[in-house]
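In what follows, a single structure is set out as structure tokens and then discussed.
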Ligand code: T1G
């Protein structure tokens, strides 16, 4: 098999090229080829310098993640990087695309680094539950300084070429032909001695104030909470300020192996592939082309309609947004502008861009203005009759081939499609609030939704930087359908003796951003409430009847102060005890484990039902929904991956207790029972 690494002499420069699509991952053949190329350069008397570069979309984007967990093949990446650095002739890294992880470590092993202005450089290993394990935690601080190294290693966020140049990671920004200029640069430095070795730099790691690390930990405590990798990245960088390189890399290796053998790294690496697999639609031919979406229409300028519109405006797609009344339209567009300006303040956009985005917006009261849109998204009140009336009108005015989408969170897409003469053009696009922030998009496939409509939705999701998951038509699709039993069990636990704070704490200790009652207060306790304060059938009705609609009213399951800080509410406790009395329930001590079983195991059971009914394509899609839609901790890999790591027999055992408690109101997923019985897993790792 031909090596992905080839060499070619250009004058006295040996050009080493990697051609290993799609991202020049540093698999075994690449590593072997790089070492062979350096040996070739050493042996050739007419070679004075070396350029290492990559064909295709990017410079090396890191170690080959598909090799993880498999028997290692020599040479190790650290050895390759050391071999490059110990070459007796200068080696120049020519960087384009994204030099990430091991890719940046290879570049740091080179004596010089040049990059095109659009290149990005980073060490995203922390997102895989790891740390740069090929010398990166020791070389990066020596080149860029401790602060920059801490920020890059613990966030995993890449930096641009100019920032890298300013930090000393890149020696020169190349305008024009990268290879040509890299060869010229290599010729320029061919005779320079001593060769600059990043591992020998000491100036940026000596006399570092140790308090830098404690301050960094404090500043990032919330972000790091629950994760193992960020702190180990920080420890590795700290070692670079305490020990010589040769000892530091040994500590780096130890920390790396600790992470690699842990459950968090497995979960986060699983999720890396799960997120990409979600984009694949089973049963749709690869040659199905997406429809062109040049213009989008949005019906409803409320929180959802405005947020949805922003995704397209920011992606360069004009939006016609329709409301029924001028004040609603003005309010909606005003909120969009305010949100953009808030992002601009955080440096996400420039003021000019905000003007550009808003310039693409066409607010109107005239429904017929939607006639020339290629995609129209309805984002109005969650009531079937209203949606069917709107889709009936759309059917009359939308141009042929326009995709008609509903942002419904629960309702039946087939019933909505039936209100039109073109059900094949109807699809669900369920955005998560805030729609301009949350990455998840559930693409709900109706019985008659055409394949190219699906393909268009998935392609468009990528364009607007969403992660799309295909869902079937069922109440609540994937995410909300699993939320329902969780909320029901959480409410029952209140009646049986638990408090909102205890239940929420079990969830936040687990790693969720908030628990069931904190979530209810944030979203609105009144969502789905029948609005009749005289009709009080459950705890939620009682709260709503007393205007306790959540944070927006300063009171819900919790009381809130003027800064929206929550505190347990005696009033709510009274309501709970009142209901307990009426139901004749005796309060009892509820263990945290019971709360886990009754809420999280119940979700796993519902997720298994979703799979057995074909409402999700694969278990990893369910995990993608819960990580991107609800903040399930990525270091636990999502509900189905977590269930596998808990052990399905243990999940079944916990749910048996549920079955005893609930009798006929509880039904097991047969798929869950079968898999537990057969010792199988949902997510295969
Ligand atoms: N290894 C193996 N496959 C990879 C890969 C990798 N590092 N990166 C991407 N792929 C596959 C991906 O699964 C997909 O496959 C295809 O390439 C296109 O990816 C020792 C231990 C580079 C910014 O974490 O961030 O180095 O679905 O859809 O949107 O210290 O891929 O087509 O079959 O994402 O253009 C560190 C991970 C590794 C970078 C391109 N590096 N990759 O984005 O394409 S650990 C990373 C990315 C490491 C060392 C440590 C992105 C990208 P398929 P894609 P994209």
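Throughout, read-outs are computed from the coordinates displayed, never taken from laboratory work. Note that the structure is predicted; figures quoted are calculated from it, not measured. Please note: Cβ atoms are built from the backbone with ideal geometry, for glycine as well, and neighbour counts cover all protein chains shown.
Observations on the structure shown:
- Dimensionless Rg over Rh [region 385-520; C-alpha; Kirkwood]: 1.08
- Ellipticity estimate at 222 nm from DSSP helix runs (n ≥ 4, -39,500 (n - 2.57)) divided over the chain, nearest 500: -14000 deg cm²/dmol
- The largest-to-smallest principal axis extents of the Cα set in region 561-631 are 45, 37, 21 Å.
- Rounded FRET efficiency, nearest 0.05, which uses the C-beta distance separating residue 667 from residue 588 and R0 of 25 Å: 0.50
- Rh by Kirkwood over Cα pairs, then Stokes-Einstein D for region 1-117 at 1.002 mPa s and 20 °C, µm²/s: 154
- P(r) weight above 21 Å for region 540-685, C-alpha pairs, percent: 57
- Cα shape, region 52-139, gyration tensor, a/c 1.5 rule: oblate
- Exposure proxy order (Cβ contacts within 10 Å, fewest to most) of 432, 60: 432, 60
- Fully extending the segment from residue 219 to residue 289 would add 20.5 nm, taking 0.36 nm per residue of separation and subtracting the current Cα-Cα distance.
- Over region 498-583, relative contact order from alpha-carbon pairs under 8 Å, at least 6 apart, %: 22
- On Cα atoms only, tilt of 451-463 relative to the major axis of the chain in degrees: 60
- Extended-chain gain in nm, criterion 0.36 nm per residue less alpha-carbon gap, residue 211 and residue 660: 156.1 nm
- Relative exposure of 203, 541, judged by other C-beta atoms within 10 Å (fewest first): 203, 541
- The angle separating the long axis of helix 303-314 from the principal Cα axis of greatest extent in the chain is about 30 degrees.
- Across region 365-513, the relative contact order, built from alpha-carbon pairs under 8 Å that are at least six residues apart, equals 17 percent.
- Debye intensity ratio I(q)/I(0), log10, region 498-583, q values 0.18 Å⁻¹ (C-alpha model): -0.75
- Least to most buried among 645, 421, 569 (fewest other Cβ within 10 Å first): 421, 645, 569
- Distance from the Cα centroid of region 297-349 to that of region 563-626 is 34 Å (rounded to whole angstrom).
- Distance between the 7 Å Cα→Cβ label points at residue 351 and residue 247: 5.3 nm.
- Between helix 384-397 and the chain: long-axis angle, C-alpha atoms, 0 to 90°, nearest 10: 60
- Radius of gyration and maximum dimension Dmax of region 5-261, Cα, Å: 17.3, 56
- Whether region 172-293 is rounded, prolate or oblate, judged on the alpha carbon gyration tensor where a/c under 1.5 counts as rounded: oblate
- Geometric descriptor of the chain, per residue, is 183 Å³ (volume of the convex hull of the Cα atoms).
- Using the Cβ-Cβ distance between residue 76 and residue 3 with R0 set to 22 Å, the FRET efficiency from 1/(1 + (r/R0)^6) comes to roughly 0.75.
- Relative contact order of the chain, taken over Cα pairs closer than 8 Å and 6 or more residues apart, is 9 percent.
- Part-to-part distance (alpha-carbon centres) for region 465-502 and region 156-224, which is given in Å: 46
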